[in-house]
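A short write-up of the structure that comes next.
The values are calculated or read from the model by the stated rules, or taken from the named source; none is laboratory data. As the structure is a computational prediction, the values presented were derived from the model and not from experiment. Note that we place each Cβ from the backbone using ideal geometry, even for glycine, and neighbour counts take in every protein chain shown. For the accessible areas, the whole protein counts, side chains as well, though only heavy atoms, and no ligand, DNA or RNA atoms are used. Shrake-Rupley method; radii C 1.70, N 1.55, O 1.52, S 1.80 Å.
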Amino acid sequence: MTGTKDSSVRKALITAAGLATRWLPATKAMPKEMLPLVDKPAIQYVVEETIAAGIQDIVMITSRGKRSLEDHFDRSFELEHYLAERGKTELLAEVREIADMADIHYVRQKEPRGLGHAVWVGREHIGHEAFAVLLADDIMHSSSPLLRDMLGAHQHTGASILALKRVSEEEISSLGCAEVEAWGDDPAFVRVTSVVEKPAPGTAPSDLAVIGRYVLTPGIFAALERTPLGAGGELQLTDGIGQLMKEEAVGGVIFETGRFDVGNKLDFLKATIELALERDDLGPPLREFLAGLTGHGQD
Ligand code: G1P
């Protein structure tokens with residue numbers, strides 16, 4: 001541990017600028033962050049998670065064609081009027097609440113130059129304080145304490161904190177990978193000793209993947225400025241963290257459950273089913289439907 005400092009985190013940066021070619025044609029005229037999981041767009045889960053962790057000031061990094069994200073978190077007077085006139089008070093309250101949820105600012109990443117670049121374009125809004133980063137492709141279950149645990153670890157150490165999860169050898173090559181050592185007595189809290197973005201098959205230094213939640217010190221911005229372009233010819237956040245580690249300790253919180261990668265279609269379907277099964281209105285009939293499918297597709 002590097003000693004305690006006053007390090008409460010007030011701001012979060014949510015990246016929602018990606019092009020989503022994996023989701024075409026669904027995302028031809030609609031951002032992938034608006035794909036619904038049951039009846040809420042994916043991005044709303046991420047904003048709700050941020051607020052649940054106690055952060056109200058959000059800068060969302062968007063890009064061309066993402067205006068519906070701004071509309072989603074804005075007031076919609078026509079819709080509110082329509083719902084009010086028809087006495088649909090519960091829906092009206094829900095629609096209003098979305099607009100009042102948080103103080104969201106939008107910054108555009110003008111060119112797709114990588115996740116590190118997307119974080120860097122938010123630097124003016126963040127300023128010289130530690131901040132959380134949430135990637136909109138990664139959805140955490142509402143019961144997950146991950147972000148709060150990471151903020152606690154940051155509060156305790158003053159260090160940047162990564163979210164880490166053990167994954168299979170096949171998966172690690174499409175993710176960031178971290179090598180770690182013990183940092184105190186809690187096995188779920190570690191010191192990161194090296195990071196590598198998308199290691200070639202068979203070369204990953206560990207099975208710990210970097211998942212899309214970070215608490216970063218403002219030193220990341222200077223670190224990103226001296227980071228060479230990496231995987232895919234893009235400025236990688238993982239490489240920026242590697243540069244930061246030359247000057248500051250970086251920690252990690254290892255977690256096991258509650259994450260869906262909604263950039264991945266199978267994970268998206270699983271998330272939809274899991275979230276719908278938890279609902280009082282949809283759970284029972286869906287469970288019955290799924291039970292009826294047993295053996296489906298088998299001889
Ligand atoms: C990004 C990061 C990667 C991380 C992943 C988590 O990759 O670059 O380090 O493991 O998110 O979802 P992407 O999925 O944008 O290729």
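Screening the stretch 122-217 for helices (runs of 4 or more DSSP H) wholly inside it with 1 or more residues that are near the ligand (Cβ under 10 Å from one of its atoms) and modelled with pLDDT of 95 or more returns the ranges 169-172.
Residues that are closer than 23 Å to residue 148 by Cα and open to solvent by less than 50 Å² (accessible area, probe 1.4 Å) within the stretch 181-194 comprise 183, 188, 189, 190, 192, listed in sequence order.
When each of 57, 39, 71 is tested for being within 11 Å of residue 102 (Cα to Cα) and of a type outside the set (A, V, I, L, M), the lone residue that passes is 57.
Among the residues of the stretch 112-121, those that are open to solvent by 10 Å² or more (accessible area, probe 1.4 Å), within 13 Å of the ligand (Cβ to nearest atom) and part of a helix (DSSP H, G or I) comprise 115, 117.
Looking across 48, 78, one residue alone is of a type outside the set (Val, Ile, Thr), in a helix (DSSP H, G or I) and within 26 Å of residue 146 (Cβ to Cβ). It is 48.
Conditions tested, residue by residue: (1) within 21 Å of residue 20 (Cα to Cα); (2) out of contact with any Phe, Trp or Tyr (no Cβ under 9 Å at 6 or more places or on another chain).
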site	(1), (2)
104	no, no
115	yes, yes
142	no, no
147	no, yes
153	no, no
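Looking across 224, 175, 229, 235, one residue alone is among the hydrophobic types (A, V, I, L, M, F, W, C) and open to solvent by 60 Å² or more (accessible area, probe 1.4 Å). It is 229.
For residues that are farther than 23 Å from residue 132 by Cα and among the hydroxyl-bearing types (Ser, Thr, Tyr), scanning just the stretch 242-299, find the one that is most open to solvent (accessible area, probe 1.4 Å). That would be 294. In this entry, residue 12 is excluded by the filter for residues that are more than 20 Å from residue 150 (Cα to Cα), touching a residue at least 40 places away in the same chain (Cβ under 8 Å) and either in contact with a Gly (Cβ under 6 Å, 6 or more places away or on another chain) or surrounded by 13 or more Cβ atoms within 10 Å (Cβ to Cβ) (or both). Scanning the stretch 92-111 for residues that are more than 15 Å from residue 13 (Cβ to Cβ) and either of a type in the set (Asp, Glu) or within 16 Å of the ligand (Cβ to nearest atom) (or both) yields 94, 97, 100, 111. Of all residues in the stretch 214-229, those that are more than 24 Å from residue 46 (Cβ to Cβ) have Cβ atoms under 9 Å from Cβ atoms of residues that are open to solvent by less than 50 Å² (accessible area, probe 1.4 Å) and part of a loop (DSSP other than H, G, I, E, B), 6 or more apart or on another chain, in 223/245; 227/235; 227/236; 228/235; 229/114; 229/235; 229/236. Every condition in (1) open to solvent by 70 Å² or more (accessible area, probe 1.4 Å); (2) assigned to a loop (DSSP other than H, G, I, E, B) is met by residue 27 except one, and the failing one is (1). Going through (1) within 25 Å of residue 263 (Cα to Cα); (2) surrounded by fewer than 13 Cβ atoms within 10 Å (Cβ to Cβ) one by one, residue 87 falls short only on (1). For the stretch 90-111, enumerate the residues that are open to solvent by 50 Å² or more (accessible area, probe 1.4 Å), under 18 Å from the mean Cα position of the chain (by Cα) and closer than 20 Å to residue 236 by Cα. If the condition is that a residue be open to solvent by 50 Å² or more (accessible area, probe 1.4 Å), under 18 Å from the mean Cα position of the chain (by Cα) and closer than 20 Å to residue 236 by Cα, then 108 is the only one that fits.
Yes or no, residue by residue, for (1) at pLDDT 95 or above; (2) among the aromatic types (Phe, Trp, Tyr):
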| position | (1), (2) |
| --- | --- |
| 259 | no, no |
| 263 | no, no |
| 269 | yes, no |
| 282 | yes, no |
| 286 | yes, no |
| 289 | yes, yes |
| 293 | no, no |
| 299 | no, no |
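If you take the residues of the stretch 230-273 that are of a type in the set (Asp, Glu) and touching a residue at least 40 places away in the same chain (Cβ under 8 Å), which of them is nearest to residue 176 (Cα to Cα)? Among those residues, the one meeting the criterion is 239.
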